[in-house]
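First the structure, in the form of structure tokens, and then the observations on it.
Just so it is clear, none of the values below were taken in a lab; they were calculated from the coordinates. Being a predicted model, the structure only gives us computed values, none of them experimental. Because the Cβ atoms are built from the backbone with ideal geometry, glycine has one as well, and the counts that use them run over all protein chains shown.
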Amino acid sequence: MSKSLRTASLLTVAVILGYFAITGGCKDVKDDKPPAKDDIYSQVELFANGVAIVRGEYVDEVDSKKLIYGAMKGMLSGLDDFSAFMEPDEYKEIKDETKGQFGGIGVEISTRDGILTIVAPIDGTPADAAGIKAGDKIIKIDDKVTKKMTLSDAVKLMRGDAGTTVKLTIWREKDKKILDIPIKRAIIKINSIKNAEFIEDKIGYLKLVEFQENTPRDMEEALKRLEKEGMDSLILDLRNNPGGLLDVSVDVSEKFLPKETVIVSTKSRTPSQNLLFKSSGKYQHPDYPIVVLVNGGSASASEIVAGALQDNKRAVIIGTKTFGKASVQTVIPLRDGSAIRLTTASYFTPSGKLIRNEGIMPDVVVEREEAPAKDVEKEDVFEKLEEKEKVGKPSEAAKMVKEDNQLERALDIIKAIKVYSQEKK
């Protein structure tokens, strides 16, 4: 544990010990003079006095753990949008989520301008099926207004037994609409890779859903399989990927970058904790053309990968501006099974860009267009059958191209890159 984290832990212990040292009520706690602004010991004494007043004077007897947990939540939530105190059950859920299985509706949330905001619905989950979109503002959860609600409390309300329903009331700014969306909860099992197949003419398509512990291994297997089958270019889809683990984003990035190439750097208050991540070159794949798809639901680890490949001129980034979550959260376990999620650093792309609240701007901006409704009556089903028999069963990715203008544009660009590369050779 680093020096700063040890100091934070000792401070937490000191506060708790100070609390348990107080007995009985205190009807008249006075300070002769206000504590100095930067005198931490005077501030801790002030907190201890407050605890004593609540224990001694509150109308009902207060549970000690509830009191301390409430104080911890308030302390962390006052720092920024991403720091939080997690009770033991919440911390357990977070650990389960990084392993790819958790209960709920399948959505990543954050706060933006003090409002609970959808970072991204995770593909294939109840939230995705219900039509939740990146950027939706959650204004009520089951008729409970979310104003001033913490992330932890919001997660608690959305989690529940599989089969039960939670209603989200959201504000969709793009459409200027308030929508009530009921979502049936489920046990959600997430495979970090949703698609890994050929889309057309040796062009591979890989959709990465989240950055989990097993993502580098799964991605390595998928890439090797596609390369063995003749893949000569790749479309990496990071749309609506809310991120995940920092070290996993580094592992994914270095698959496409030469040894010693800078991937990302982090900067914190303590210079000794500033980190620079470079490619190890251990798992580098062939130097084939790559196009990366991103949108407003691409955040955190997704932005690290997109930024690394963009700044190092290794890929063309296509889509819309990413979410802009350019900070690193460290989860620090506490002895009773609870934990602190603390923002400990900001990350920078290889060229030194800080993208907090700005996001990564694609090289080619392509807004997503809703697919037009199909006119079944005008379709010649026999013609479709004949076409299918000629070319064989199309891949899922190939079928998506017709309804996804961003993917269609990515395909056009990667074809152009291939033609240019051949002419250059």
Can you tell me the Rg and Dmax of the stretch 41-161, counting just the alpha carbons, in angstroms?
17.1, 53
Inter-probe distance in nm under a simple model that places probes 7 Å from Cα toward Cβ, at E173 and L354
2.2
What the 5 Å binned alpha carbon P(r) of the stretch 101-189 shows, as percent of pairs per bin from 0, is 3, 16, 28, 30, 17, 6, 1
How long are the semi-axes of the equivalent ellipsoid of the stretch 197-257, taking √(5λ) for every eigenvalue λ of the Cα gyration tensor, in whole Å from largest down?
21, 13, 9
What is the calculated FRET efficiency for A162 to R335, with r their C-beta to C-beta distance and R₀ = 35 Å, to the nearest 0.05?
0.65
Using only the alpha carbons of the stretch 290-370, determine the length spanned along each of the three principal axes and report them from longest to shortest in whole angstroms.
49, 33, 21
In what sequence, highest mean first, do 125-137, 149-161 appear when ranked by Cβ atoms within 10 angstrom?
125-137, 149-161
Can you list the residues, at least 5 places off or on another chain, whose amide H is less than 5 Å from the amide H of V292, using H built in the peptide plane?
L236, V316, I317, I318
Show the residues, 5+ positions off or on another chain, whose built amide H is closer than 5 Å to the amide H of I193.
V209
Say a paramagnetic label sat at a point 7 Å from the Cα of S346, along Cα to Cβ; which residues of the stretch 283-308 have their backbone N under 16 Å from it?
300, 304
